[in-house]
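Nothing in this text is a laboratory measurement; each read-out follows from the coordinates by a stated rule. The shown structure was predicted, so the numbers you read here are calculated from the model rather than taken from an experiment. Positions of Cβ are backbone-derived with ideal geometry, glycine not excepted, and every protein chain shown enters the neighbour counts.
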Amino acid sequence: MKMHTPRYAQMKTAKWGLHALRTPLADLAIQLANQDELLQNGGTFAVADHISSDVETAHRQTDPENAYLAAHFEQLTQTVQIEVPDQVQLTKPLLVDWQPTTPGNGNFHFSIRLGKNSRATVIITQKAGAIGLNSIGEIAVGADAQLEVAELNLFDHGSRAYFHQNANLDRNAALNWSIAQIGTGNVLGEFNTELNGTGASANIQAVSLAKKDEHIGLQTTVGHHAPHTTSRILQHGALFAQAETNLNAIGKIDHGAHGADAQQESRLLLLDPSAQGNANPILLIDENDVQAGHAASVGQVDLQQLYYLMSRGLTKETAENILVRSFLAPVLSSLPAGPIADQVDHLLGQRLGGIDPNEA
């Protein structure tokens, strides 16, 4: 079988340097926290040295010719496994933090399985190696269960990252999935959610910030395979000079998924004429009795707002940074309150020059 790099609509990634993801691996340091409550209820929260062949086969089948996906499983040495039994309501978020300890490419894998009528929050912080990151994950949410997942991705300047993550939801299951791509580097990510059971729902939020010579491509897909399923995709990104961002939002409604509701919004803010952005809304509908809608925009900073802030004594850079924070706020507000929200806010302030809107 001939392997290829992932292909997504409107994304030309040949010059992003992602081929480096097939280079030798770095050693990883993985830290887990807040596991006591889960373990006391008979769950699993551990680092393993392998995954089941069924999991690997299922993930490979989503894109059999994907070279990065194949490299990930060929090089896989560690995986984080989280299993929450039926009827377990966790009160503290499960924390996963990993980073490379030697030069090389980080190869990270996680598996989250939530039992029936359970509830949990999982917060994942990922740091790329000197070369890059190849992050693959799968999520399964049982009937009547509720899962919140927040991912914070931190990369060094010049690093590369690829994400391929899949979620499957059973009857009346709910998933709230937030992705914060605020660090430096070139990033290509695919986040897929399958609503397999009647009444399942998913909210997926992604926020990105790209500066000079950085490239970001995110594709978020939700498949509606059962009646009365709902989804919301919300993606906002800001781009500075000589940066590029592509946001694809795809909603699929199968025949027979009557009463489904698929909504999506993708917006990009360009802060320089040299920035390049694309926001692509895609709806694939094979059923009549449904609701679906999309909003997409790529635009410049509102000059009236900019001039107003500058008339109050702010520099142009400070005024632009405040407008960026305001533009990203709808997505940032979806992050779980606590350390990760504070960390994202701090990192955003660093990348924007340390501007705190509360002090402006």
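Laid out as a table, the results:
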| item | result |
| --- | --- |
| Antiparallel bridge percentage (DSSP; both residues within region 29-159; nearest 5) | 25 |
| Unit charges on C-beta of K, R, D, E only; dipole of region 141-221, Debye | 180 |
| Stretchable slack from residue 32 to residue 47, in nm (0.36 nm times residue separation minus alpha-carbon distance) | 4.5 nm |
| The chain: most fluctuating residue of 59, 255, 109 per GNM, C-alpha cutoff 10 Å | 255 |
| Calculated FRET efficiency for the pair residue 307/residue 89, C-beta based, R₀ 45 Å, to 0.05 | 0.30 |
| Filtered trypsin sites (Lys or Arg not before Pro), region 209-250: DSSP coil and at most 15 other beta carbons within 10 Å | 212 |
| Hypothetical label at residue 274: residues of region 224-245 whose amide nitrogen lies under 20 Å (7 Å Cα-Cβ projection) | 238-245 |
| The chain: most fluctuating residue of 304, 276, 146 per GNM, C-alpha cutoff 10 Å | 304 |
| Net +/- balance of residues flanking residue 280 in space, Cβ distance below 15 Å, scoring K and R +1, D and E -1 | +1 |
| Cα-centred dipole magnitude for the chain, charges only on beta-carbon of K, R (+1) and D, E (-1), debye, nearest 20 | 720 |
| Shape metrics for the chain, restricted to C-alpha atoms - Rg then Dmax, Å | 20.0, 62 |
| Gained length - residue 57 relative to residue 5, 0.36 nm times residue gap less alpha-carbon distance | 16.9 nm |
| DSSP-defined beta bridges in the chain - what % are antiparallel, rounded to 5 | 10 |
| Selection from 108, 270, 177, by position along the positive dipole direction of the chain (Cβ) | 270 |
| Lysine pair count for the chain [Cα-Cα under 24 Å; pairs on different chains or 8 or more apart] | 14 |
| About the Cα centre, charge dipole magnitude for region 151-310 (Lys/Arg +1, Asp/Glu -1 at Cβ), debye | 240 |
| Positive-end residue, region 18-300 charge dipole about Cα centroid, Cβ charges, pick of 123, 283, 72 | 123 |
| For 195, 154, 76, 247, order by how many other beta-carbon atoms lie within 10 Å, fewest first | 76, 154, 247, 195 |
| Contact order normalised by residue count of the chain, Cα under 8 Å, 6+ apart, percent | 11 |
| Antiparallel bridges, percent of DSSP beta bridges restricted to region 123-186 (to nearest 5) | 0 |
| Region 277-360: GluC sites (Glu not before Pro) in DSSP coil with no more than 13 other Cβ atoms inside 10 Å | 359 |
| Selected from 138, 190, 56 as most flexible by GNM, with the chain as the system and alpha-carbon contacts under 10 Å | 56 |
